[in-house]
Amino acid sequence: MIQYSHLVHYSHIMATSSSDEEGQTAWLHSYLSTVWFFLACVLVIVISRFANKKLFKWVNSVVIFLCYGAGLGIVVAVPSDAAYTNKARLVETEAVLASYDSESETLMGQYISLYWLTLVLGLLMYWIEIYSHNGYFTLVDRFRDTTRRMAVDYFALSVAGAGFVAILITTESVPSDSDALTTLMVSLSNTLGLSVVSIIVGYGLAAWPQRLW
């Protein structure tokens, strides 16, 4: 009889944990959907308000919308990620840890998808920028010259990056296994992105007051 009562109590705890986990998952999906909706609305307003329609084609606006959406999509997921991490550290119960594992998988899937999407869109944005300033007149010549110039630029960057990684491996600054190299590549990419953001923000902090006054 005592064993049966323990079994019923354990089954009740497991059912409650499963219900809480499903509720947390539903809440996270609702939160992300709501934030993405408002983010899309803000981007549409900003692009339609500030983009120069004489210089910007509709394709450029769509690509810019996707680029900003992918980049800011990573940012808007950070508060929920930090909240779940903090809760899992403070309340170390099986239900909370199980919920944390489930939500971490959801957020990690979004992080990875948006991360690679930003890289691909960054290449596309660079290609469109070169294409827009290309001096050729025919479509085929502009496409060929843009692709060639972009290939030359990225070939030079690839050679420089490979040489830098080879120096690090040769001097045993980093291990030569795949996980260490992947971590190094992600770190270098993030460093480059943050450096670009710092330069842009630094210019914006100086240029915006000049425009106002």
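Just give me the residues in the stretch 107-133 being of a type in the set (A, V, I, L, M, F, W, C) and either surrounded by fewer than 16 Cβ atoms within 10 Å (Cβ to Cβ) or closer than 16 Å to Tyr68 by Cα (or both), in sequence order.
Met108, Ile112, Leu114, Trp116, Leu117, Leu119, Val120, Leu121, Leu123, Leu124, Met125, Ile128
In the stretch 116-163, which residues are of a type in the set (Ser, Thr, Tyr) and within 23 Å of Thr191 (Cα to Cα)?
Thr118, Tyr126, Tyr154, Ser158
Criterion first (out of contact with any strand residue (DSSP E or B) (no Cβ under 7 Å at 6 or more places or on another chain) and at pLDDT 80 or above) does Val152 satisfy it?
Considered against the rule, which asks whether it is out of contact with any strand residue (DSSP E or B) (no Cβ under 7 Å at 6 or more places or on another chain) and at pLDDT 80 or above, Val152 comes out as yes.
Which one of the conditions (1) hydroxyl-bearing (Ser, Thr, Tyr); (2) in a helix (DSSP H, G or I); (3) surrounded by fewer than 16 Cβ atoms within 10 Å (Cβ to Cβ) does Tyr136 fail to meet, given that it meets all the rest?
The single condition Tyr136 does not satisfy is (2).
Within the stretch 58-78, count every residue that is closer than 13 Å to Tyr111 by Cα, part of a helix (DSSP H, G or I) and either in contact with a His (Cβ under 6 Å, 6 or more places away or on another chain) or not β-branched (Val, Ile, Thr) (or both). Quick ask: steps written out before the conclusion?
Here is the first cut: in the stretch 58-78, the residues closer than 13 Å to Tyr111 by Cα are 69-78.
Add one more test, that the residue is part of a helix (DSSP H, G or I), and what stays is 69-76, 78.
If we keep only those that are either in contact with a His (Cβ under 6 Å, 6 or more places away or on another chain) or not β-branched (Val, Ile, Thr) (or both) as well, we get 69-73.
So the count comes out to 5.
Cβ-Cβ under 7 Å, sequence separation 6+ or interchain: first residue in the stretch 146-158 and among the polar types (S, T, N, Q), partner in a helix (DSSP H, G or I) and surrounded by 12 or more Cβ atoms within 10 Å (Cβ to Cβ). Which pairs?
Matching pairs, first to second residue: Thr146/Trp127; Thr146/Ile130; Thr146/Tyr131.
Report yes if Leu114 is in contact with a Cys (Cβ under 9 Å, 6 or more places away or on another chain) and closer than 20 Å to Val62 by Cβ, otherwise no.
Judged against the criteria, Leu114 is not a match.
The values are calculated or read from the model by the stated rules, or taken from the named source; none is laboratory data. Nothing here was measured: the structure is a model prediction, and the numbers come from that model. No Cβ is skipped: glycine too gets one built from the backbone with ideal geometry, and neighbour counts run over all protein chains shown.
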